[in-house]
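The values are calculated or read from the model by the stated rules, or taken from the named source; none is laboratory data. The structure displayed is predicted, hence computed values, not measured ones. Neighbour counts run over all protein chains shown; Cβ positions are idealised from the backbone, glycine included.
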Amino acid sequence: MNYDIPMPTAEEKNAAVKVILCEAMPPKENVFSLLRELSGVFGLRNLFFGIGDCVYLTVLLTFLLYTAVVAMAKQVLCSAVFTASPFLYLAAWLLVVWKEEKSGMLTLQGVCKYTPVHVSAIRMLCFGGMSLLVDIPVAAIAGVLQAGDFWKLLMLSFCALFLYAVLLLCLLLHCKARFAVSVLPVVWGSLCLLPLLKDYVQCETFLRNLPTYSLVLPVIVFAVLYFVLLNRYVRKEEEYADC
Amino acid sequence: MLTVKNVTKKYGSFTALEDVNIEFGIGVHALLAPNGAGKTTLMKMLTTLMKPNAGEILYNDENIFLLDDKYRDVLGYLPQSFGFYKGHTVRQFLLYLAALKGLGKKQANEKIDELLANVGLSDAASLRMKKLSGGMLQRVGIAQALLNDPQVLILDEPTAGLDPKERVRFRNMLSELGKTKTVILSTHIVSDVESIASRVILIKNHKLLCNETVQQLCSQLNGKVFERTAAVALHDGEVFLSERQDANGLVNRFVSHSVPADASPVNAGLEDVFLYVYGEEIQ
Ligand SMILES: Nc1ncnc2c1ncn2[C@@H]1O[C@H](COP(=O)(O)OP(=O)(O)OP(=O)(O)O)[C@@H](O)[C@H]1O
Ligand SMILES: [Mg+2]
């Protein structure tokens, strides 16, 4: 009897293994699986590759702005905290997107396994976390110096931060990053400053009279929305041809 | 196998590529066409940087845009020009791209050493990117395209800026890679691909003109290319290709469909085909 079974060549074997691995790999269905996958190979150094100066400048500007807010905003403390709390997130994105586009590296990054969209999603979590962390001492210091209610200020800043982040993601999902990050600060500034300029006493009274517990729901809703949209953003197909 | 199926790409109302069909198998495929023909446009679509307006691009019968990161995982690309952060060293730049390609740090460092040696830049690993010359930068670009051992390697004018020694080194490297991988490169420098391309693709008037071997292309002009002293003007029906200087003065090279009595026949090369096909466009 002839048992001469044709065996695959080394090349065929490798190709088959590659196909199996490919099929078995779970798709990046959410931002957390992406985070897990990336944390194995990426590290903080790569996450902030080329944008360390942007992060440094953002932190510096945030520090200056918050100092000014806390020191001067006795009459409009709640409004000022609400308006200023997304500043770190806002400035970080504006500077990072501007620098990445200027670097001209996006065409190289866009053909890699992990694209700029993937990296941006992880950076969003980072900048979001940094913003939350900054908001806590700011609310505490403002509470002490300006006799404000710590929990109210904290909830106001979380609410504003998640709202800003949600609005940014909505824009990023539908248009180019450079448009989204440049337009939103203008929109945010107008929405917050116009009512303040018109009648700051009424704005401040409204925010001051809001019971703290009534802010918990919007914070939760915006936070959930943020993660839902972030998951959608991770799967966004972006064209990097003109970058 | 990478298959381009009925692909059309428009920029606004301008059609850059129309109904293009190409199959890229293992081997070196050279896109040979003059400026503005649509080489970069085609490559940007092959690398998922840009979507076609019509048609599809398949890798092993699956749409590359649906394969997404699985396709990019087997892809290497050298753009016609690329940016970088000036203050980083060559190694830092390559390590970052290696991480984006999913390589661990140890594996990446080993691969970077190997690739820098292959492109003759072992001594430049710790140089800052802003200090590199044009040719060195191009070689770093070639190295980054090979970081993930790609099955599909797409190179947009890879030899631009390389000196003759580096061109030869690069040609040998491509020829080796072409034995097991799909290599697609664009160029207008005929000598870069004449000896190594398994297929030559010509694009004219935004459409695919032909996709053949060098021999097949040259055979179309065999027996039709002649040389004659430039002192004699070209006769009717003769198509000028190029001129060169020899010991007796200037010599014209031209295509003629009948055999002229006063000219000597020469073997047709790929450059003759290129000049014949794109003659009017180039002039
Ligand atoms: N972003 C764009 N918007 C509008 N037209 C474009 C754009 N990019 C390219 N084109 C046009 O499309 C055509 C093909 O351009 P492409 O860059 O693909 O040519 P190419 O063959 O790579 O040329 P070269 O040899 O000069 O690199 C050209 O006529 C060019 O002007
Ligand atoms: Mg080009």
Exception for B:ASN118 within (1) closer than 21 Å to B:GLU166 by Cβ; (2) touching an Asp or Glu at 6+ places or on another chain (Cβ under 8 Å) falls at (2)
Scan region B:77-95 and report the pairs whose first residue is without any contact (Cβ under 8 Å) to a residue 40 or more places away in the chain and whose second residue is within 16 Å of ligand 1 (Cβ to nearest atom), with Cβ atoms within less than 6 Å and a gap of 6+ or a chain change.
B:GLY83/A:GLY104
Within region B:36-65, restricting to residues that are among the hydroxyl-bearing types (Ser, Thr, Tyr) and within 12 Å of ligand 1 (Cβ to nearest atom), the one that is farthest from B:TYR11 (Cα to Cα) is B:THR40
Residue list for region B:153-169, filter: buried (at least 18 other Cβ atoms within 10 Å of the Cβ) and over 12 Å from the mean Cα position of the chain (by Cα):
B:LEU162, B:GLU166
Output the qualifying pairs, or none if there are none: Cβ atoms under 7 angstrom, residues six or more apart or on different chains, first residue in region B:148-173 and assigned by TED's automatic domain parsing to the domain that holds B:HIS29 and within 16 Å of ligand 1 (Cβ to nearest atom), second residue modelled with pLDDT of 90 or more and in a loop (DSSP other than H, G, I, E, B).
B:ILE154/B:THR47; B:ASP156/B:PRO79; B:ASP156/B:GLN80; B:GLU157/B:GLN80
Report yes if A:GLU237 is without any contact (Cβ under 8 Å) to a residue 60 or more places away in the chain and either crowded, with 17+ Cβ neighbours inside 10 Å or outside any helix (DSSP H, G or I) (or both), otherwise no.
yes
Number of the exception - A:ALA160 against (1) of a type in the set (A, V, I, L, M); (2) over 16 Å from A:ALA68 (Cα atoms); (3) out of contact with any Pro (no Cβ under 8 Å at 6 or more places or on another chain)
(3)
Residue count, region A:49-74 (criterion: surrounded by fewer than 17 Cβ atoms within 10 Å (Cβ to Cβ) and not in a helix (DSSP H, G or I)):
1
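Every residue, every condition in (1) surrounded by fewer than 19 Cβ atoms within 10 Å (Cβ to Cβ); (2) β-branched (Val, Ile, Thr); (3) touching a residue at least 12 places away in the same chain (Cβ under 8 Å), yes or no:
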{"site": "B:SER175", "(1), (2), (3)": "yes, no, yes"}
{"site": "B:ASN205", "(1), (2), (3)": "yes, no, no"}
{"site": "B:LEU209", "(1), (2), (3)": "yes, no, yes"}
{"site": "B:GLU227", "(1), (2), (3)": "yes, no, yes"}
{"site": "B:LEU250", "(1), (2), (3)": "yes, no, yes"}
{"site": "B:PHE254", "(1), (2), (3)": "no, no, yes"}
{"site": "B:LEU270", "(1), (2), (3)": "no, no, yes"}
{"site": "B:GLU280", "(1), (2), (3)": "yes, no, no"}
May I ask you to say which residue of B:SER122, B:SER195, B:SER133, B:SER126 is under 19 Å from B:LEU270 (Cβ atoms), surrounded by fewer than 21 Cβ atoms within 10 Å (Cβ to Cβ), among the polar types (S, T, N, Q) and more than 16 Å from ligand 1 (Cβ to nearest atom)?
B:SER195
Taking first residues from region B:33-49 that are more than 19 Å from B:TYR276 (Cβ to Cβ) and touching a residue at least 40 places away in the same chain (Cβ under 8 Å) and second residues anywhere that are among the aromatic types (Phe, Trp, Tyr) and more than 8 Å from ligand 2 (Cβ to nearest atom), the pairs with Cβ under 6 Å that are 6 or more apart or on different chains are B:THR47/B:TYR77
How about region B:157-192: which of its residues are assigned to a helix (DSSP H, G or I) and within 15 Å of ligand 2 (Cβ to nearest atom)?
B:ASP192
Evaluate the following for B:ALA108: is it in contact with a helix residue (DSSP H, G or I) (Cβ under 6 Å, 6 or more places away or on another chain) and surrounded by fewer than 22 Cβ atoms within 10 Å (Cβ to Cβ)?
no
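Results for (1) in a helix (DSSP H, G or I); (2) within 14 Å of another protein chain (Cβ to nearest Cβ); (3) at pLDDT 90 or above, shown as yes or no for each residue.
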site	(1), (2), (3)
A:HIS118	yes, yes, yes
A:ILE122	yes, yes, yes
A:LEU125	yes, no, yes
A:GLY128	yes, no, yes
A:VAL138	yes, no, no
Any chance B:VAL20 is crowded, with 20+ Cβ neighbours inside 10 Å, away from chain A (no Cβ under 14 Å), within 16 Å of B:LEU202 (Cβ to Cβ) and within 13 Å of ligand 1 (Cβ to nearest atom)
yes
